[in-house]
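Below is one structure, written out as structure tokens; the observations come after it.
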Amino acid sequence: MTTSAPIASPAAPAMPATTRIPQTLLVLGASGDLTGRLLLPGLGRLVASGALPGLRLIGSGMDDWDDERWRRRVTESFATVGADGPRETELIRQSWYVPADVTREEDLRRLLGDCSGPLVIFFALPPMVAARSAAALARIGVPPGTRLMLEKPFGVDRISARSLNNLLATLVPEEQVHRIDHFLGKSTVLNLLGLRFANRIFEPVLNSTHVACVDIVFDETLGLEGRAGYYDGAGALVDMVQSHLLQVLALLTMEPPPSLEARELRGRLAQVLRATRLWGDDPVASSRRGRYTAGEIAGRRLPGYVDEPGVDPARGTETLAELVLTVDTWRWAGVPFRLRSGKAMAGVRKEAVITFKQPDRVPDGLTGYERPDRLRIGFGPDRLGLDLNINGPGNPFDLDQVDLMAEFGPGDLPAYGEVLRGAFDGDPTLSVRGDVAEECWRIVEPVLAAWKAGAVPLRDYPAGSTGPADSLLGPATGWRPPRPAARNSH
């Protein structure tokens, strides 16, 4: 049973009109993978929409590129999303590249001197390099009204995240710092909020009385794909769980905000993450890690992770991470939240699954109700599934599970285009607030320490499999971790 009707999202709050004063986007780390693969395609779609008249684009990085090579990169990245109209052509024609060490004050002074009008600085840099670049900017200052965009992870642990936040606060106000999570663009955020808070049939049952467990999963069939320079120093826990999946958890568990203004929405997200911790406060029992070995995925042979170019096997970097968390609020206390992200898996799975408890009593004579009701929220493509037990064809006493499907309303921009638009418009709604970034590190900190100490073994799993045999994401029915100890509030 299917339906193709889009699910309506709540009306977004009025955004500030895009200024007609030409703005400048300065990309630090412009020759890196992130810029070409994600940032520039999102920018291309945004420019094609007519939202940024007169934008000036400046790229800078350590690579000794000239303007022609930079413009070729921008052209190729724009072409991947069909952004090849007159607006985009004019922006590319007037764009240029400046070789520079973006951690040196003199190089940054020269770059800032090339910028005019309202300025957005995008740090397409590894966390430690971004921190050094921000420190150099703090010593020389930035033009008034400058907005800063930083890609996750924000710092490398809670201490470094707090230090970075303190440093950024000396540069610009918090509202002008855009810590972006491209996994959650505006359409995805509004889809989740619209589903939860604009549908009476769902919100009253989204609590510990009715929900057995919640799974938030981001499995992909891709392996390392040449990203060893970043990934081998991060791993699945930092790359995906600490950032993206905890943000999804917060949106699924937050209390309803009075409005969708940035202050209200970000306050609710911070509130629920402060109540989130490891199940049983036990990083060993509540976490799993794995690393893929050689295998085959859809007819494609994939080498083992340790045999990928640029990987240091001694680091013990995981390509699969699992956590079980509890959200200690009146609504969710006692419900296990199981988070997983894995590379080189058997299939692509990007979804949140809310599994409901079985009915307290089913009349004698009905059979086939063993599978629980589930609400499934898919990401990329964004869609909704509802699994229900109903009387199917044939014997009316036998229940069959059906899947009701609907597509969420699509956004008009890719996620990177949406977060860029927020920065250009001065709207921090989609930005991760500084205290939220610190809370995410606080949640995973015990796991990182336990893994570093070797308390949780690094399990091998063949590429193209469903992961290690002792996965924490077992069957939704019949699985129950030990109940977490009660905590007293002081």
Review point. Which one of the conditions (1) within 30 Å of the chain's Cα centre (by Cα); (2) open to solvent by 20 Å² or more (accessible area, probe 1.4 Å); (3) of a type outside the set (G, A, S) does E90 fail to meet, given that it meets all the rest?
Key: (1)
Check your understanding: Out of the residues in segment 42-69 that are open to solvent by less than 20 Å² (accessible area, probe 1.4 Å) and part of a strand (DSSP E or B), which is nearest to G113 (Cα to Cα)?
Key -> I58
Study note, to complete from the structure: Given (1) under 30 Å from the mean Cα position of the chain (by Cα); (2) surrounded by 14 or more Cβ atoms within 10 Å (Cβ to Cβ); (3) not in a loop (DSSP other than H, G, I, E, B), V98 misses just (1)
Check your understanding: Among all residue pairs at least 6 apart or on different chains, which show Cβ distances below 7 Å where the first residue, located in segment 336-350, is in contact (Cβ under 8 Å) with a residue 12 or more places away in the chain and the second is open to solvent by 60 Å² or more (accessible area, probe 1.4 Å) and among the β-branched types (V, I, T)?
Key -> M345/T466; A346/T466
Practice item. Could you list, in sequence order, all residues of segment 355-391 that are out of contact with any Pro (no Cβ under 6 Å at 6 or more places or on another chain), closer than 29 Å to G185 by Cβ and either part of a strand (DSSP E or B) or open to solvent by less than 10 Å² (accessible area, probe 1.4 Å) (or both)? Key: R374, L375, R376, I377, G378, R383, L384, G385, L386, D387
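Run down S133, S116 and say which single residue is modelled with pLDDT under 95, more than 22 Å from the chain's Cα centre (by Cα) and either farther than 16 Å from A30 by Cα or open to solvent by less than 20 Å² (accessible area, probe 1.4 Å) (or both). Give the steps one after another, and end with the answer.
Values: S133 fails: modelled with pLDDT under 95.
When all the criteria are applied, what remains is S116.
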Review point. Between a first residue in segment 425-454 that is within 18 Å of L168 (Cα to Cα) and a second residue that is open to solvent by less than 10 Å² (accessible area, probe 1.4 Å) and basic (K, R), which pairs have beta carbons less than 9 Å apart while being 6 or more apart in sequence or on different chains?
Key: S431/R179; V432/R179; R433/R179; G434/R179; V436/R179; A437/R179
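Residue by residue, here is whether (1) open to solvent by less than 10 Å² (accessible area, probe 1.4 Å); (2) closer than 14 Å to S286 by Cα; (3) not acidic (D, E) holds:
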{"position": "G316", "(1), (2), (3)": "no, no, yes"}
{"position": "T319", "(1), (2), (3)": "yes, no, yes"}
{"position": "L323", "(1), (2), (3)": "yes, yes, yes"}
{"position": "T329", "(1), (2), (3)": "no, no, yes"}
{"position": "V335", "(1), (2), (3)": "yes, yes, yes"}
{"position": "L339", "(1), (2), (3)": "yes, yes, yes"}
{"position": "V348", "(1), (2), (3)": "no, no, yes"}
{"position": "V353", "(1), (2), (3)": "yes, no, yes"}
Check your understanding: Based on what the data block shows, is V142 free of Cβ contacts under 8 Å to residues at least 60 places away in the same chain, buried (at least 18 other Cβ atoms within 10 Å of the Cβ) and either under 20 Å from G426 (Cα atoms) or charged (D, E, K, R) (or both)?
Key -> yes
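Let me confirm something: among G229, G223, G233, G194, which residue is crowded, with 16+ Cβ neighbours inside 10 Å, of a type outside the set (A, V, I, L, M, F, W, C) and closer than 18 Å to P153 by Cβ? Outline the logic, then answer.
Numbers: G229 fails: crowded, with 16+ Cβ neighbours inside 10 Å; G223 fails: closer than 18 Å to P153 by Cβ; G194 fails: closer than 18 Å to P153 by Cβ.
None of the other options fit; the residue is G233.
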Exercise for review: Among the numbered conditions (1) surrounded by fewer than 17 Cβ atoms within 10 Å (Cβ to Cβ); (2) touching a residue at least 60 places away in the same chain (Cβ under 8 Å); (3) farther than 24 Å from S243 by Cβ, tell me where R300 comes up short.
Suggested key: (2)
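Just checking, which of L260, L278 is buried (at least 16 other Cβ atoms within 10 Å of the Cβ) and under 22 Å from V444 (Cα atoms)? Spell out how you get there, then give the answer.
Details: L260 fails: under 22 Å from V444 (Cα atoms).
Checking each option against the conditions leaves just L278.
Against the definition (touching a helix residue (DSSP H, G or I) at 6+ places or on another chain (Cβ under 9 Å), within 18 Å of A415 (Cα to Cα) and either surrounded by 22 or more Cβ atoms within 10 Å (Cβ to Cβ) or among the aromatic types (F, W, Y) (or both)), how does R147 come out, yes or no?
Working: touching a helix residue (DSSP H, G or I) at 6+ places or on another chain (Cβ under 9 Å): yes; within 18 Å of A415 (Cα to Cα): no; either surrounded by 22 or more Cβ atoms within 10 Å (Cβ to Cβ) or among the aromatic types (F, W, Y) (or both): yes.
It is false that R147 is touching a helix residue (DSSP H, G or I) at 6+ places or on another chain (Cβ under 9 Å), within 18 Å of A415 (Cα to Cα) and either surrounded by 22 or more Cβ atoms within 10 Å (Cβ to Cβ) or among the aromatic types (F, W, Y) (or both).
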Exercise for review: Looking only at segment 332-347, decide whether some residue is in contact with an Asp or Glu (Cβ under 7 Å, 6 or more places away or on another chain), basic (K, R) and outside any loop (DSSP other than H, G, I, E, B).
Suggested key: yes
**Study point:** D215 of a type outside the set (V, I, T) and under 24 Å from R338 (Cβ atoms)
**Key:** yes
**Study point:** Any hit, segment 247-257, residues being under 24 Å from L473 (Cα atoms) and among the polar types (S, T, N, Q)
**Key:** yes
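Being under 26 Å from T355 (Cβ atoms), β-branched (V, I, T), out of contact with any helix residue (DSSP H, G or I) (no Cβ under 7 Å at 6 or more places or on another chain) and open to solvent by less than 10 Å² (accessible area, probe 1.4 Å): is that true of V205 here? Give the derivation first.
On the way: under 26 Å from T355 (Cβ atoms): yes; β-branched (V, I, T): yes; out of contact with any helix residue (DSSP H, G or I) (no Cβ under 7 Å at 6 or more places or on another chain): yes; open to solvent by less than 10 Å² (accessible area, probe 1.4 Å): no.
Judged against the criteria, V205 is not a match.
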Check your understanding: Any idea which residue in segment 72-87 is nearest to G61 (Cα to Cα), counting only those that are hydrophobic (A, V, I, L, M, F, W, C) and surrounded by 15 or more Cβ atoms within 10 Å (Cβ to Cβ)?
Key -> V74
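The values are calculated or read from the model by the stated rules, or taken from the named source; none is laboratory data. Please read these numbers as outputs of a predicted model, since none were measured by experiment. Note that each Cβ is placed from the backbone with ideal geometry, even for glycine, and that neighbours are counted across all protein chains shown. Heavy atoms of the whole protein, side chains included, go into the accessibility calculation; ligands, DNA and RNA do not. Shrake-Rupley method; radii C 1.70, N 1.55, O 1.52, S 1.80 Å.
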